[in-house]
Amino acid sequence: MDSKFFTFFMEFMIKDWFASIPITICSILTVAVIIERYLYYQKNRRDVSAFIHALQRNLERNQLQAAQADCSRLGGVIGEVAEEGVRLMAEQKEDFSKAFDITVGLVTRKLEKNLAILGTIGATSPFIGLFGTVVGVVFTLDQLGVGGGGTAVVVTGVAKALIATGYGLIVAILAVIFNNTYTNTVKRFNDDFLLLKLLFLSFVSSETAHAH
């Protein structure tokens with residue numbers, strides 16, 4: 001059974017190249033994006049609970065340099081956003097919220113990079129596979145009309161043709177699963193950014209109130 005499936009699959013890869021090549025390219029792109037994004041998110045993953053408490057204490061004492069040093073030590077995109085937030089607090093109190101949102105927007109772009117590729121592959125890969133299957137069935141019926149043959153010929157031909165759909169679906173499922181997983185990861189980063197924004201805004205508004 002396994003050897004027959006492998007034979008069918010290799011026949012599909014060679015004969016139905018118009019479907020197998022695009023799906024294989026999609027599978028390579030999917031794996032490449034999955035690995036690249038995984039490494040990027042792991043590199044930037046931080047536990048912000050302790051950091052936010054330390055940042056809050058420094059801001060309460062108005063020790064902005066110590067707060068910036070904490071942000072640098074934390075590193076990653078969260079440290080980068082927090083450090084920029086501390087700088088904006090010192091320099092742009094009036095337009096803090098807009099300026100901070102711009103910073104978060106730019107960092108979110110980095111976090112979402114290449115996710116559109118997974119979304120596109122997840123949506124299109126099954127259709128490429130289906131196209132391969134339709135063409136395979138058409139060729140099978142054409143051979144049947146020209147040379148005759150019984151049920152076995154039709155069943156084998158359809159079985160071979162369905163490999164294209166199966167291959168396309170496997171790639172699509174993989175792309176959709178990781179696209180959803182990574183979208184949730186980006187959402188968690190954005191939740192951390194929102195926490196930082198609320199923390200900064202509470203100090204900006206209190207300082208503005210004291211100034212008045």
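Things to note:
- First in the range 53-66 and more than 16 Å from Gly79 (Cα to Cα), second anywhere and β-branched (Val, Ile, Thr), Cβ under 8 Å, 6 or more apart: none
- Among residues of the range 72-91 that are under 16 Å from Lys43 (Cβ atoms) and free of Cβ contacts under 8 Å to residues at least 60 places away in the same chain, those with a beta-carbon under 7 Å from a residue that is among the polar types (S, T, N, Q) and surrounded by fewer than 19 Cβ atoms within 10 Å (Cβ to Cβ) at least six positions away or on a different chain give the pairs Gly76/Asn44; Gly79/Ser72.
- Restricting Val33, Val107, Val48, Val81 to those that are surrounded by 14 or more Cβ atoms within 10 Å (Cβ to Cβ), in contact with a helix residue (DSSP H, G or I) (Cβ under 8 Å, 6 or more places away or on another chain), under 30 Å from Tyr167 (Cβ atoms) and of a type in the set (A, V, I, L, M, F, W, C) reduces the list to Val33.
- Contacts under 8 angstrom Cβ, first residue in the range 1-21 being outside any helix (DSSP H, G or I), partner surrounded by 12 or more Cβ atoms within 10 Å (Cβ to Cβ), 6 or more apart: Asp16/Gly132; Asp16/Val135; Asp16/Gly136; Asp16/Ala164
- Residues that are under 30 Å from Cys26 (Cβ atoms) number at least 2 in the following helices (runs of 4 or more DSSP H) confined to the range 56-156: 96-112, 115-147.
Any read-out appearing in this document is the output of simple, stated calculations on the displayed coordinates, not a laboratory observation. These figures come from a predicted structure and were not determined experimentally. Cβ atoms come from the backbone with ideal geometry, glycine included; neighbour counts cover every protein chain shown.
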